[in-house]
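Peer 1: Supplied in structure tokens, the structure appears directly below.
The values are calculated or read from the model by the stated rules, or taken from the named source; none is laboratory data. These figures come from a predicted structure and were not determined experimentally. Don't worry about glycine lacking a Cβ; one is built from the backbone with ideal geometry, like all the others, and counts go over all protein chains shown. Note: accessible area is taken over every heavy atom of the protein model, side chains too, but ligands, DNA and RNA are not part of it. Shrake-Rupley method; radii C 1.70, N 1.55, O 1.52, S 1.80 Å.
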Amino acid sequence: MKKILLGLLGLTALTAMAAPLTEAEIDAAVADLIGKMTVEEKVGQLNQLSGRGLDPGMVALVAEGKVGSLLNEVDPATVNALQRQAVENSRLGIPLIIARDVIHGFKTIFPIPLGQAASWNEDVVRQGARIAADEASSVGVRWTFSPMVDIARDARWGRIAEGFGEDPVLASRLGVAMVEGYQGDDLSKPNTMAACVKHFAGYGAAESGKDYNTTWIPEVLLRDVYLPPFKAAADAGAATFMCSFNDINGVPSSGNRYLLHDILRDEWGWNGLIVSDWGSIEQMRNHGFSRDLREAALQGAKATVDVDMENYAYTQHLADLVASGEVSMDELDAMVANVLRLKYKLGLFDNPYVDETAVAFYAPASLDAARRAVEESAILLKNNGVLPIDFNAVKTVAVVGPMADAQHDQAGTWVFDLEKEHSVTPLMTLNEKWGKKVKYAKGLAHSRDRKHDGFEEALKAAQGADVVLYFAGEEAVLSGEAHSRADINLPGAQKELLRELKMAGKPVVMIVQAGRPLTIADDAELCDAVVYLFHGGTMAGPGIVNVLSGEVNPSGKLPVSFPKMVGQLPLYYNHKNTGRPAEGITYIDDIELEAGQTSTGCTSFFLDAGDGPAFPFGYGLSYTTFEYGTPRLSSAEIAPDGSVTVVCDVTNSGSVAGSEVAQLYVRDLVGSLARPVKELKDFQKISLQPGETKTVVFNLPASSLGFTNLKNEYVVEPGDFQLWVAGDSASGTPVAFAIK
Ligand code: NOJ
């Protein structure tokens, strides 16, 4: 609009500098446009289809104004050709929005979101999103279906890879950083993408970790654990939300007016665009919630789902529902307004086309940032001193395993635009740096390979080496959407290969690249060191080799609890204490024959897995050691509307520089509802030179210590609390304070 005004004044040259439209200007322009639209054109704006290139049927739909947005169209010339149909040939000239699942990078692939979460570093996440936006917007993609902020407590769920883990505070902070990275400070800049916060809501609570499964989530849990990251992203100005596939307590999200309208729009005051998930409106028939597609369309519209992604529910039935009065014209206009508002915000009316000559991927600075993200995401789970490896001193390094040179698989899930030849693998990096010392024997063709044919060669390589680097893990396709696993051990014959390698009697370092926590506790016991890397993307090789060589000191911390056995799932650190917390664990082999029913002491644990994780939430070692002082509070009592300052000294007590994530946890000892044994409230990542002490300072408002009661009210209850500042969720000595 500003362009038009300036154009009338003969000032088009200034348009590049034009300030973004104000909300009021956008609202006026949207109202004006809606006033000119037919019902068919309105429904067209709500229709999102998957691209089919310049297929004549698609071109006609666009020219007739029957499509509002397209996903999966990434060729800039095609994008421009379609956009020309919309802008120059459709009656009202409304531009399309081009959307894509750009989840952890477009061409330069960053670690999967769960890996980025292991960095506990908002800058890493923000920068990754910024680079993704730069690359994807250069082909015309201005809307990404990311971030996914679904809390996941079950590693069987394949989509655990796509989120930030099990904790609401960590997921909130990183989700906000990702939104900021995509959207920047002005969405109308052509190198931004609108974020889409998904999947609203509770998708990660899928029963048994099976994708798309039913969820049962009491509202107090929904509000205290599953919704906070969504609320944080909404408050941060995320432009769009996507509803989820699952039903929550019987109501599919896409027809859940309470969730989408009453909570998201009314209670939170968020006024963006809600898109369905792919087919999630029409699938309400499968849920047994909608009699037919017409009813599904009605339920979607009433729930205030604005955009129909590949359901054909709105295109087939919305006009009729409006004609019959079941959906009012005001309701339809509100949906259309949300779409048009986004198009104005993105500046698409002024700049609908993409510069086909400006496409630029893999900038050296982007590759550097991707490598740093890998370095910050790598988690050292175990080290008996074999790491870091002095590659100058060792004579021969055996490199073994299916993930040592997996250009495709190290990229992880959700990389539709991968050009795998750009992936730099650990083997490539090791060969480049110390080629003469590297003896490579793959051992297994891929992660699921069960054949032992390569074992002999691998053992021989191990026998002739000073140290064995065993690159284990999962292929990319074993996690992500619709890729849940009921067995989360290392797949194929990887466990056996590790045992074979052990026979060489050489130090073994296992490097796991995976899309989820795997049950590797028994494998880890056999190894001298273990580094865990959630699929690291383009620069996994250089990043991980820098960690192995000590050029970079690992600082990643687990964003999820690692189970010892799959049967422990769901597993999360912020669980309740139960009436009989674990005590005096008796393992299955220690039970006497014909022992009495009460012989194990009747507390809460498994006879085979005991209690607790293999590795706790927040855990991760370093090549140095950190010591924590006792946390000091500005006051041992806080008013319910007050806050307390918590300070804690952290000392690097080792001999190399390193970074540490200082984590602040609390426990509300007694509540009107039973409270979790620990809850993360804040964290800071700090760097320390050897011998250096830094004082971390946290501001802890009492308002962050409340919870949702059974009336669905957020309450801060007076009472006694404990507080820890520590390097993981299982360490530290608590100090007491109270809300009074
Ligand atoms: C289905 C997935 O659940 C969602 O996350 C994704 O954005 C859409 N498909 C579009 O590809």
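Peer 1: Residues in the range 85-115 that are buried (at least 24 other Cβ atoms within 10 Å of the Cβ), within 16 Å of the ligand (Cβ to nearest atom) and part of a loop (DSSP other than H, G, I, E, B): how many?
Peer 2: Going through the range 85-115 one residue at a time, the tally reaches 6.
Peer 1: Can you tell me which of (1) closer than 19 Å to A29 by Cβ; (2) part of a helix (DSSP H, G or I); (3) open to solvent by less than 20 Å² (accessible area, probe 1.4 Å); (4) out of contact with any strand residue (DSSP E or B) (no Cβ under 6 Å at 6 or more places or on another chain) is the one R341 doesn't meet?
Peer 2: Looking at each condition in turn, R341 falls short on (3).
Peer 1: Look through V336, V327 and report the one residue that is in a loop (DSSP other than H, G, I, E, B) and surrounded by 17 or more Cβ atoms within 10 Å (Cβ to Cβ). I'd like the intermediate steps shown before the answer.
Peer 2: On the way: V336 fails: in a loop (DSSP other than H, G, I, E, B).
The conditions single out V327.
Peer 1: Shifting gears a bit: For S280, indicate whether it is among the polar types (S, T, N, Q), touching a helix residue (DSSP H, G or I) at 6+ places or on another chain (Cβ under 6 Å) and part of a loop (DSSP other than H, G, I, E, B). I'd like the intermediate steps shown before the answer.
Peer 2: On the way: among the polar types (S, T, N, Q): yes; touching a helix residue (DSSP H, G or I) at 6+ places or on another chain (Cβ under 6 Å): yes; part of a loop (DSSP other than H, G, I, E, B): yes.
Considered against the rule, which asks whether it is among the polar types (S, T, N, Q), touching a helix residue (DSSP H, G or I) at 6+ places or on another chain (Cβ under 6 Å) and part of a loop (DSSP other than H, G, I, E, B), S280 comes out as yes.
Peer 1: Follow-up question, since we're still on this one. Can you confirm whether Y587 is more than 33 Å from the chain's Cα centre (by Cα) and either open to solvent by 80 Å² or more (accessible area, probe 1.4 Å) or closer than 20 Å to E525 by Cα (or both)?
Peer 2: Details: more than 33 Å from the chain's Cα centre (by Cα): yes; either open to solvent by 80 Å² or more (accessible area, probe 1.4 Å) or closer than 20 Å to E525 by Cα (or both): yes.
Here the answer is yes, as Y587 does meet what is asked.
Peer 1: Now a separate question. Check whether at least one residue in the range 176-193 is open to solvent by 20 Å² or more (accessible area, probe 1.4 Å) and not in a loop (DSSP other than H, G, I, E, B), and report yes or no.
Peer 2: yes
Peer 1: Right, another one. Mind checking which residues of the range 452-494 are within 16 Å of the ligand (Cβ to nearest atom) and in a loop (DSSP other than H, G, I, E, B)?
Peer 2: S479, G480, E481, A482, H483, S484
Peer 1: Might you check whether a residue that is part of a strand (DSSP E or B), within 13 Å of the ligand (Cβ to nearest atom), closer than 30 Å to K678 by Cβ and among the charged types (D, E, K, R) occurs anywhere in the range 200-217? Reasoning before the result, please.
Peer 2: Here is the first cut: in the range 200-217, the ones part of a strand (DSSP E or B) are 200, 215.
From what's left, within 13 Å of the ligand (Cβ to nearest atom): 200.
Still in the list and also closer than 30 Å to K678 by Cβ: 200.
Keeping just the survivors that are among the charged types (D, E, K, R) gives none.
No, that holds for no residue.
Peer 1: Restricted to the range 235-264, and to residues that are open to solvent by 10 Å² or more (accessible area, probe 1.4 Å) and in a helix (DSSP H, G or I), which residue is nearest to V197 (Cα to Cα)?
Peer 2: The extreme case among them is D235.
Peer 1: Would you check if D355 is more than 30 Å from A297 (Cα to Cα) and open to solvent by 60 Å² or more (accessible area, probe 1.4 Å)? Step through it out loud before you land on a result.
Peer 2: On the way: more than 30 Å from A297 (Cα to Cα): yes; open to solvent by 60 Å² or more (accessible area, probe 1.4 Å): yes.
Against the criterion (more than 30 Å from A297 (Cα to Cα) and open to solvent by 60 Å² or more (accessible area, probe 1.4 Å)), D355 qualifies.
Peer 1: Does A132 qualify as being within 30 Å of A86 (Cα to Cα) and buried (at least 24 other Cβ atoms within 10 Å of the Cβ)? Break it down into steps so the answer makes sense when it comes.
Peer 2: Details: within 30 Å of A86 (Cα to Cα): yes; buried (at least 24 other Cβ atoms within 10 Å of the Cβ): yes.
Yes: the conditions hold for A132.
Peer 1: Okay, next question. Hey, could you check the range 371-416 for residues that are of a type in the set (S, T, Y) and touching a Ser or Thr at 6+ places or on another chain (Cβ under 8 Å) and say which is nearest to A117 (Cα to Cα)?
Peer 2: First, pick out the residues of the range 371-416 that are of a type in the set (S, T, Y): 377, 396, 413.
Filter once more, keeping what is touching a Ser or Thr at 6+ places or on another chain (Cβ under 8 Å): 377, 413.
Numbers: S377: 7, T413: 15 Å.
It comes out as S377.
Peer 1: Mind checking which residues of the range 265-282 are open to solvent by 60 Å² or more (accessible area, probe 1.4 Å) and touching a Leu at 6+ places or on another chain (Cβ under 9 Å)?
Peer 2: Within the range 265-282, W278 is the sole residue that qualifies.
Peer 1: Something else: Return the residues of the range 214-245 that are closer than 22 Å to I281 by Cα and more than 19 Å from the chain's Cα centre (by Cα); say none if nothing qualifies.
Peer 2: Residues satisfying the conditions are T214, T215, W216, I217.
Peer 1: Restricting attention to the range 137-162, report how many residues are among the hydroxyl-bearing types (S, T, Y), assigned to a loop (DSSP other than H, G, I, E, B) and more than 15 Å from the ligand (Cβ to nearest atom). Give the derivation first.
Peer 2: First pass over the range 137-162, keeping only residues among the hydroxyl-bearing types (S, T, Y): 137-138, 144, 146.
Remaining after also requiring assigned to a loop (DSSP other than H, G, I, E, B): 138, 146.
Those left that are additionally more than 15 Å from the ligand (Cβ to nearest atom): 138.
Residues flagged as among the hydroxyl-bearing types (S, T, Y), assigned to a loop (DSSP other than H, G, I, E, B) and more than 15 Å from the ligand (Cβ to nearest atom) within the range 137-162 amount to 1.
Peer 1: For L61, are the conditions met, namely being within 16 Å of the ligand (Cβ to nearest atom), under 17 Å from Q48 (Cα atoms) and in contact with a strand residue (DSSP E or B) (Cβ under 8 Å, 6 or more places away or on another chain)?
Peer 2: On the way: within 16 Å of the ligand (Cβ to nearest atom): no; under 17 Å from Q48 (Cα atoms): yes; in contact with a strand residue (DSSP E or B) (Cβ under 8 Å, 6 or more places away or on another chain): yes.
Considered against the rule, which asks whether it is within 16 Å of the ligand (Cβ to nearest atom), under 17 Å from Q48 (Cα atoms) and in contact with a strand residue (DSSP E or B) (Cβ under 8 Å, 6 or more places away or on another chain), L61 comes out as no.
Peer 1: Considering each of G165, G181 in turn, give the residue that is more than 16 Å from the ligand (Cβ to nearest atom) and within 20 Å of K345 (Cα to Cα). Break it down stepwise before answering.
Peer 2: Details: G165 fails: within 20 Å of K345 (Cα to Cα).
Checking each option against the conditions leaves just G181.
Peer 1: Here's a follow-up. If you check D134, D123, which single one turns out to be away from the ligand (no atom under 16 Å from the Cβ), assigned to a helix (DSSP H, G or I), of a type in the set (D, E) and under 16 Å from the mean Cα position of the chain (by Cα)?
Peer 2: Numbers: D134 fails: under 16 Å from the mean Cα position of the chain (by Cα).
Unique residue meeting the criteria: D123.
Peer 1: Working only within the range 577-619, note down all residues that are in contact with a Leu (Cβ under 8 Å, 6 or more places away or on another chain), within 29 Å of I379 (Cα to Cα) and not in a loop (DSSP other than H, G, I, E, B).
Peer 2: Result: F615, single match.
Peer 1: Among all residue pairs at least 6 apart or on different chains, which show Cβ distances below 6 Å where the first residue, located in the range 187-204, is under 22 Å from G140 (Cβ atoms) and the second is more than 16 Å from the ligand (Cβ to nearest atom) and assigned to a loop (DSSP other than H, G, I, E, B)?
Peer 2: Cβ pairs passing all conditions: L187/L346; S188/P20; S188/G347; P190/N351; T192/G184.
Peer 1: Looking only at residues that are under 22 Å from R372 (Cβ atoms) and polar (S, T, N, Q) in the range 511-545, which one is surrounded by the most Cβ atoms within 10 Å (Cβ to Cβ)?
Peer 2: Q513
Peer 1: Sort out which residues of the range 46-84 are polar (S, T, N, Q), under 29 Å from the mean Cα position of the chain (by Cα) and on the phi < 0 side of the Ramachandran plot, and write them in order of number. First the steps, then the outcome.
Peer 2: Initial filter on the range 46-84 (polar (S, T, N, Q)): 47-48, 50, 69, 72, 78, 80, 83.
Within this subset, residues satisfying the condition of being under 29 Å from the mean Cα position of the chain (by Cα) are 47-48, 50, 69, 72.
Of everything in the range 46-84, those that are polar (S, T, N, Q), under 29 Å from the mean Cα position of the chain (by Cα) and on the phi < 0 side of the Ramachandran plot turn out to be N47, Q48, S50, S69.
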